[in-house]
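In what follows, a structure is listed as structure tokens, so that the remarks can point back to it.
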Amino acid sequence: MHFFNSWLLRLIGPIDKEQQMHLFKLSENGLVLSFILNFIALIISIVIDLINQQLTFQTVLIYIMLIIISGYIATKVSGKDVSQYEVYSKAELANLRKRLRLISVLQTFYAFLVFNFNIYNWYFIPA
């Protein structure tokens with residue numbers, strides 16, 4: 001973080017609370033802007049790929065960048081929801097872990113099915 005502060009932001013010395021809140025707000029805005037721009041670029045790239053009837057490497061890279069940004073946002077948002085659970089015993093903690101593990105497995109399976117169904121429809125079913 002010190003390297004980031006001194007080189008990229010040109011800050012010298014420690015940061016007070018006001019500067020830190022301003023930097024957090026700038027980084028949040030930049031993250032949302034990069035997510036929106038990557039999504040728009042992905043849509044444009046997919047449309048061009050559909051017109052040319054081929055999948056290009058640029059589309060795959062944009063898709064991977066969008067997954068990375070979305071994953072970062074999801075981990076930051078979902079981490080705040082975990083603290084809403086109040087656990088008072090080890091048995092409740094074990095049950096909560098099982099439930100959350102089951103939910104995450106089901107969400108992963110659902111995302112896998114939706115992704116593969118869309119890929120199958122886009123590229124393997126003749127028009």
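Here, each number is a calculation from the coordinates, and none is a lab measurement. These numbers come from a predicted model, not from an experiment. Positions of Cβ are backbone-derived with ideal geometry, glycine not excepted, and every protein chain shown enters the neighbour counts.
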What list of ³J(HN,Hα) values in whole Hz, one per residue of region 54-63 in order, does the Karplus curve 6.51 cos²θ - 1.76 cosθ + 1.60 (θ = phi - 60°) give from phi, with Gly and Pro shown as x?
7, 8, 9, 5, 5, 5, 5, 5, 5, 4
Efficiency by 1/(1 + (r/R0)^6): what FRET value for Leu50 and Ile103, r their Cβ-Cβ distance, R0 = 30 Å, to the nearest 0.05?
0.30
Neighbour-count ranking for Asp16, Asp49 (other C-beta within 10 angstrom, fewest to most) reads Asp16, Asp49
Order these by the 10 Å Cβ neighbour count, fewest first: Lys98, Lys17.
Lys17, Lys98
Phi angles of region 15-29, converted by Karplus (6.51 cos²θ - 1.76 cosθ + 1.60, θ = phi - 60°) into ³J(HN,Hα) in whole Hz with x for Gly and Pro, give 9, 8, 5, 5, 5, 5, 5, 5, 5, 5, 5, 4, 5, 5, 5
Applied in sequence order to region 92-109, the curve 6.51 cos²θ - 1.76 cosθ + 1.60 (Karplus, θ = phi - 60°) yields integer Hz couplings, x standing for Gly and Pro, of 5, 5, 5, 5, 5, 4, 4, 5, 5, 5, 5, 4, 5, 5, 5, 5, 5, 4
Estimated distance in nm for a label pair at Ile36 and Phe57, the labels positioned 7 Å out from Cα along Cα-to-Cβ:
3.1 nm
Based on the Cβ-Cβ distance from Lys17 to Lys76, what FRET efficiency comes out when R0 is 22 Å, to the nearest 0.05?
0.60
